[in-house]
Amino acid sequence: MLFVPTYLVEKSSNNGNTYLPNFSSRFWFACWSFLNVLIYRLPIKKNFVNDRSHCPSCNKLIYWYENIPVFSWLFLRGKCSGCQVKISPVYPLVELFIGIVSFLLFPKVVNIHSLTSYIFFFSIACAFTVHFVIDLKHKILPNGVTLYLALLFLIQSFFSKPFEFWFFGLLIGFGFPAGVTWLFYVLRKKEGLGMGDIKLWAALGLILGPFEILRNIFMSCTLGSLIGLPMIALGVIDKKTRIPFGPFILVVAAFQIYFPKYYKMLLGLIF
C-alpha cells in the first residue's frame, strides 16, 4: 500500500542515526495551539498570523501561561480569566488529539528521510483535524486548507508516482462527484454535494490515485448514509438538515493513509 509510514516500524541504529527524544514534544507544543487559532479564525476570515490571541467575548489578551495546551484550560477550569465565559472543551480535545498523533507518528530513529516523512504525515493530520472541526461546526471546508493539502499531495506524488497516477486521481476526484452533483441538480433541482467536498476529493485524488479516490467516494457516501439515515429515523435531524460531509471523507482518507492494513481488511469485507 502506498502510505505506510516506514518509520512506524522498529529500526536499528547501526547506521549512526541520532535520537532526538524531545523533538516530538517540542514540535507538538508549537503546533497544537495554532490549530485552534486556525479553527476559530478561518471561518470568520480573521488574520491568524499577526493578531495576538484574545478572548472573543471580552477581548482580553491571552497571556503565554494561559495558552499552554490542555493544562491552561484545566488550570482556568474552562473559563476565561477575565470575563469568566466558558471556553469550549473542543480546544483541549484538539490539542490532546494532535499531541497523541504527534507522539504516535514520531520515528523511533531520526534521520533526514524519517524526519521529512514525519513532518509530511503530521502536516496532513493537522490539516485533516482543522477541516474536520470546522466542517462539523460551520459546515464549510476552507479553500486555504484544501489548497495546502493539494500542494502537499502534489509534491509527494510528483516525485514518487507516475504522472497518470496523480493526474487521473485529480481528474476523477473532481470530475466524478461534480458530475453526480450536476445530474442531481438537473433531476431534483436541489444542490447535492457542496463544492468544498468536491475540492477536497480532488486534492485527495492527487495522493490516492484514480482507484482509491473512487473507493473513498463510495465509502464516504456509505458511511454518511449509515450515520445520517438512523439520525433521520430517530428524529434527531430531518431530511432538510444539512449534514457536513467533509468528516466522512476525512475519516475514510485517514484509514487509507494511516491504517492501510485495517483499510485492506475492511475492503475485503465489502468487496
Self-check item: Filter pass, residue 188 being among the charged types (D, E, K, R), in contact with a Lys or Arg (Cβ under 9 Å, 6 or more places away or on another chain) and surrounded by fewer than 18 Cβ atoms within 10 Å (Cβ to Cβ)
Solution: no
Quiz item: For segment 38-60, which residues satisfy the criterion of being on the phi > 0 side of the Ramachandran plot and either surrounded by 12 or more Cβ atoms within 10 Å (Cβ to Cβ) or within 20 Å of the chain's Cα centre (by Cα) (or both)?
Solution: 45
Quiz item: Would you say residue 235 is among the small types (Gly, Ala, Ser), assigned by TED's automatic domain parsing to the domain that holds residue 166 and in contact (Cβ under 8 Å) with a residue 12 or more places away in the chain?
Solution: no
Exercise. Considering only segment 88-108, state which residues are surrounded by 19 or more Cβ atoms within 10 Å (Cβ to Cβ) and in a loop (DSSP other than H, G, I, E, B).
Key: 106, 107
Quiz item: Among the candidates 124, 134, 172, which residue alone is over 16 Å from the mean Cα position of the chain (by Cα), modelled with pLDDT of 95 or more and either assigned to a helix (DSSP H, G or I) or within 14 Å of residue 207 (Cβ to Cβ) (or both)?
Solution: 172
Quiz item: residue 211: surrounded by 15 or more Cβ atoms within 10 Å (Cβ to Cβ) and either assigned to a loop (DSSP other than H, G, I, E, B) or modelled with pLDDT of 95 or more (or both), yes or no?
Solution: no
Self-check item: Matching residues in segment 214-267 - criterion: being in a loop (DSSP other than H, G, I, E, B) and within 29 Å of residue 165 (Cβ to Cβ)
Solution: 245, 259
Quiz prompt | Check on residue 73, surrounded by 13 or more Cβ atoms within 10 Å (Cβ to Cβ), over 19 Å from the mean Cα position of the chain (by Cα) and among the aromatic types (Phe, Trp, Tyr) | solution = yes
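Quick one: which residue in 175, 205, 194, 179 is of a type outside the set (Asp, Glu) and touching a residue at least 40 places away in the same chain (Cβ under 8 Å)?
Sole residue among the options that is of a type outside the set (Asp, Glu) and touching a residue at least 40 places away in the same chain (Cβ under 8 Å): 194.
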Quiz item: So which of 117, 157 is farther than 21 Å from residue 97 by Cβ, surrounded by 14 or more Cβ atoms within 10 Å (Cβ to Cβ) and not β-branched (Val, Ile, Thr)?
Solution: 157
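I'd like the residue in segment 224-269 that is aliphatic (A, V, I, L, M) and in contact with a Lys or Arg (Cβ under 9 Å, 6 or more places away or on another chain) and, out of all such residues, is nearest to residue 121 (Cα to Cα).
Looking at the filtered set, the residue picked out is 252.
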Exercise. May I ask you to verify whether residue 195 is surrounded by fewer than 20 Cβ atoms within 10 Å (Cβ to Cβ) and assigned by TED's automatic domain parsing to the domain that holds residue 249?
Key: yes
Exercise. Being of a type in the set (A, V, I, L, M), touching a strand residue (DSSP E or B) at 6+ places or on another chain (Cβ under 9 Å) and part of a loop (DSSP other than H, G, I, E, B) is the filter here, so list the residues in segment 51-71 that pass it.
Key: 62
Self-check item: Top-ranked residue of segment 30-52 - restricted to ones that are of a type in the set (A, V, I, L, M) and touching a residue at least 12 places away in the same chain (Cβ under 8 Å), ranked as farthest from residue 68 (Cα to Cα)
Solution: 42
Exercise. Within segment 143-161, identify whether any single residue is closer than 19 Å to residue 249 by Cα and assigned by TED's automatic domain parsing to the domain that holds residue 219, and answer yes or no.
Key: no
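The values are calculated or read from the model by the stated rules, or taken from the named source; none is laboratory data. Nothing here was measured: the structure is a model prediction, and the numbers come from that model. Here Cβ is always computed from backbone atoms with ideal geometry, including for glycine, and neighbour counts include all displayed protein chains.
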